[in-house]
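Everything on this sheet refers to the single structure shown next.
The values are calculated or read from the model by the stated rules, or taken from the named source; none is laboratory data. In this text, all values refer to a predicted model and were calculated from it rather than measured experimentally. Counting neighbours? That spans all protein chains shown, and the Cβs are built from the backbone with ideal geometry, glycine included.
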Amino acid sequence: MTTEPDALHTLARTRLPADLADRWTGLLRPAAHLRRAGAADPVVGRLGGLPRLIRPTTWPRAASRRPCSPGSAADGVCRRGKPRWGFLAPRSILRSDPRQRGTTPMHVFLTGASGYIGGTVAIRLRQAGHHVSGLARDPAKAEQLARLGIEPVVGSLDDADVLTARARRADAVVNAADSDHRAAVETLIAALAGSDKPLIHTSGSSTVGMGTEGEASEAVHGEDLLDPGSSWEPDHPVRAARVAIDRLVLGAAGQGVRSAVLCDSLIYGHGRGPGRESVLIAALVRQARAGGVVRQVGPGRNIWSTVHVDDVADLYLRALEKTPPGTFYFVANGEESFGAIAEAVARALGLPGPRPWDPDAPDNVWDPAFARHALGANSRVRAHRARELLGWDPRHRSITDWILRELR
């Protein structure tokens with residue numbers, strides 16, 4: 001026989017996002033409490049001051065005084081049928097439903113949906129009640145997306161007709177596939193011109209990176225870098241090309257597109273979609289496992305701003321719903337040296353290190369340019385606009401704590 005607590009667990013599992021269900025199914029009070037509670041007692045999931053989650057509402061059939069089997073009555077009265085359980089949703093749940101937040105559910109077309117950032121964003125948007133159609137390069141990835149409740153669209157960033165049709169059909173577009181594919185960005189802007197639809201473009205804070213061979217830098221960059229009238233330019237042609245695309249997206253605000261650029265710092269955490277690994281953390285782990293020792297570039301004093309992938313996804317949701325047009329955001333919540341990151345990786349994996357990287361070592365797996373301009377660079381930014389304009393409140397603050405707790 002299914003008991004009320006079993007029904008509550010099932011309800012939480014089927015109606016709540018997975019992370020919230022994990023958090024709250026352990027807070028439900030035991031059956032003894034339910035048997036003692038009167039019909040007017042709505043507090044079932046309250047514990048230690050947490051908000052009320054669910055409550056019994058109405059019984060579908062009239063009560064009967066016939067004898068009850070043991071354990072089948074809540075208060076000595078048998079009731080035919082099962083109770084209906086309704087939500088007393090706490091604020092975090094209300095925020096996950098766009099209608100409760102005063103916004104309309106959207107159809108979002110998302111490129112890079114099978115990747116690390118895009119996959120996590122897609123899952124977050126689904127949890128928030130939006131419909132997501134995701135671009136995937138091949139049928140196997142499309143099948144992965146379908147299993148996650150994401151409408152798959154088979155194609156690539158080079159398929160201009162697909163991008164145009166899907167962007168026009170959707171209420172909003174997120175480009176999380178490739179920060180450097182200018183033709184795709186031009187196609188999406190042309191498709192959305194005059195629509196006032198959101199276009200959220202993904203960039204990366206390597207644009208402000210300074211290759212210092214593992215030495216620290218005091219340079220910290222603000223979000224006014226790309227404001228109109230700014231003459232700032234990166235010091236490397238690859239970075240300059242990416243910044244030109246960022247400026248193109250921001251300029252689309254003048255063509256009737258509610259455009260924004262989210263410039264992500266070093267992202268950590270396990271992805272929620274098909275893509276699970278952060279690029280830079282995965283590079284450290286791959287080198288460590290190849291050589292049996294954790295490496296860093298030079299002394300490892302270079303610093304990167306950091307952010308957890310779940311907090312990144314929450315910001316994409318907020319930007320879609322209410323960003324002002326033509327806004328550039330850094331995405332960061334804390335910073336750390338690569339030496340400290342490498343030390344945490346060594347402790348988490350039980351390996352020696354960190355030791356200086358040797359590009360000529362036989363176990364080296366890093367491309368020298370990638371090592372010097374990413375793993376040995378400084379990229380320090382400050383993210384104020386997301387907090388001030390969108391109410392972003394990131395929960396995760398320490399990349400080293402996450403590595404020590406979660407990396408295996």
Legend entry - Conditions (1) surrounded by fewer than 20 Cβ atoms within 10 Å (Cβ to Cβ); (2) in contact with a helix residue (DSSP H, G or I) (Cβ under 8 Å, 6 or more places away or on another chain); (3) at pLDDT 95 or above; number of the one not met by H236: (3)
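In segment 364-379, what residues are over 14 Å from V279 (Cβ atoms) and either loosely packed, with under 14 Cβ neighbours inside 10 Å or at pLDDT 95 or above (or both)?
Scanning segment 364-379 gives P368, A369, G376, N378.
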Inset, instruction - Among the candidates A160, A176, single out the residue that is over 19 Å from the mean Cα position of the chain (by Cα), in the same structural domain as L250 (by TED's automatic domain parsing) and under 18 Å from H201 (Cβ atoms). - result: A160
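Which of the following residues is surrounded by fewer than 20 Cβ atoms within 10 Å (Cβ to Cβ) and more than 25 Å from P324 (Cβ to Cβ): A146, A190, A136?
On the way: A190 fails: more than 25 Å from P324 (Cβ to Cβ); A136 fails: surrounded by fewer than 20 Cβ atoms within 10 Å (Cβ to Cβ).
Within the list A146, A190, A136, the selection yields A146.
Of the residues A140, A193, only one is more than 21 Å from V312 (Cα to Cα), in contact (Cβ under 8 Å) with a residue 40 or more places away in the chain and more than 20 Å from the chain's Cα centre (by Cα); which? Break it down stepwise before answering.
On the way: A140 fails: in contact (Cβ under 8 Å) with a residue 40 or more places away in the chain.
None of the others qualify; the one that does is A193.
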Legend entry - Meets criteria (free of Cβ contacts under 8 Å to residues at least 24 places away in the same chain and of a type outside the set (S, T, Y)) for A253: no
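Go through A288, A313, A283 for me and flag whichever is in contact with a Ser or Thr (Cβ under 6 Å, 6 or more places away or on another chain), among the hydrophobic types (A, V, I, L, M, F, W, C), outside any loop (DSSP other than H, G, I, E, B) and at negative phi. Even if it seems obvious, please write down each step before you answer.
On the way: A288 fails: in contact with a Ser or Thr (Cβ under 6 Å, 6 or more places away or on another chain); A283 fails: in contact with a Ser or Thr (Cβ under 6 Å, 6 or more places away or on another chain).
Unique residue meeting the criteria: A313.
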Inset, instruction - Return yes or no: is N378 part of a strand (DSSP E or B) and out of contact with any Leu (no Cβ under 7 Å at 6 or more places or on another chain)? - result: yes
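From the list R272, R276, R289, exactly one residue is surrounded by fewer than 18 Cβ atoms within 10 Å (Cβ to Cβ), within 14 Å of the chain's Cα centre (by Cα) and closer than 30 Å to K141 by Cα. Which is it?
On the way: R272 fails: surrounded by fewer than 18 Cβ atoms within 10 Å (Cβ to Cβ); R289 fails: within 14 Å of the chain's Cα centre (by Cα).
One residue alone meets the criteria, R276.
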Legend entry - The lone exception for F328 - which of (1) under 30 Å from V173 (Cα atoms); (2) in contact with a Phe, Trp or Tyr (Cβ under 8 Å, 6 or more places away or on another chain); (3) part of a strand (DSSP E or B) it fails: (2)
